[in-house]
Amino acid sequence: MKRLHKEESLRWFTQAEDEFQDADELRKRGRFYLALFHFQQASEKALKAYLYLKIKSMEVFYTHSIDDLSEMALEIDPDFKEVVQAKKLDKYYIPTRYPNGLPGGVPSRYFDDPQEAEEAMHLAKRVITLVKRKIEETP
């Protein structure tokens, strides 16, 4: 069964919100490497929810880059200029999970800065807040 685009968009957005909450709990527990990755994931899924609604295409699923996704959203709506700084989250996609993505380090030990995790949280929150508003505005 093919889902309506708004319904599919809402499924992705629900996952984004849940993942954000989980990431914030991890941040509060000091599990920064996992929090950073999940803040990136929450932002990615929120942007994909918006793009799925607007583009109605599977093309948005071929990238995991916040930079690419936010640029695609910006082409549709200038309000996404507010969240282009979230591209910083892209640096957490690989190195937070794989030791070979972090030469000489171990992600669970390397990412130990609470300020870094708090900044990532704020970036992801801005993305989610904007996308939520845009989804709610779409009939």
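What is the fewest-to-most order of Y110, Y62, Y92 by other Cβ atoms lying within 10 Å of their Cβ?
Y62, Y110, Y92
Tell me, what is the FRET efficiency for D68 and L4 to the nearest 0.05, using R0 = 35 angstrom and their Cβ-Cβ distance as r?
Efficiency, rounded to the nearest 0.05: 0.90.
Nearest 10 degrees, 0 to 90: what angle lies between the long axis of helix 114-137 and the longest principal axis of the chain (Cα atoms)?
Once rounded, the angle reads 10 degrees.
What per residue convex hull volume, in Å³, comes out for the stretch 4-117 when only alpha-carbon positions are used?
In the stretch 4-117, the Cα hull volume divided by residue count equals 96 Å³.
If each residue's Cβ is checked for other Cβ atoms within 10 Å, how do L53, L89 rank with the fewest at the top?
Fewest-to-most Cβ neighbours within 10 Å comes out as L53, L89.
Please compute P(r) over all alpha-carbon pairs of the stretch 56-139, binned at 5 Å starting from zero, and give each bin as a whole-number percent.
Cα pair-distance distribution for the stretch 56-139, in percent: 3, 13, 19, 21, 18, 12, 9, 5, 1, 0, 0.
In degrees between 0 and 90, to the nearest 10, how far off the longest principal axis of the chain does helix 5-28 point, with axes built from Cα atoms?
20 degrees
Per DSSP H run of at least 4 residues, take -39500 (n - 2.57); add these up for the chain, divide by its residues and hand me the 222 nm value, nearest 500 deg cm²/dmol. Kindly include the intermediate steps, with their values, before the conclusion.
Numbers: 5 runs with 87 residues, N = 139.
Calculated at 222 nm, the ellipticity per residue is -21000 deg cm²/dmol.
Could you work out how far helix 32-55 tilts from the main Cα principal axis of the chain, as a 0 to 90 degree angle to the nearest 10?
With rounding to tens, the tilt is 10 degrees.
Read-outs throughout are calculated quantities, based only on the coordinates presented, and are distinct from any laboratory measurement. Please read all numbers here as calculations on a predicted model, not as lab measurements. Heads up, the Cβs are rebuilt from the backbone with ideal geometry, glycines too, and the neighbour counts pull from every protein chain shown.
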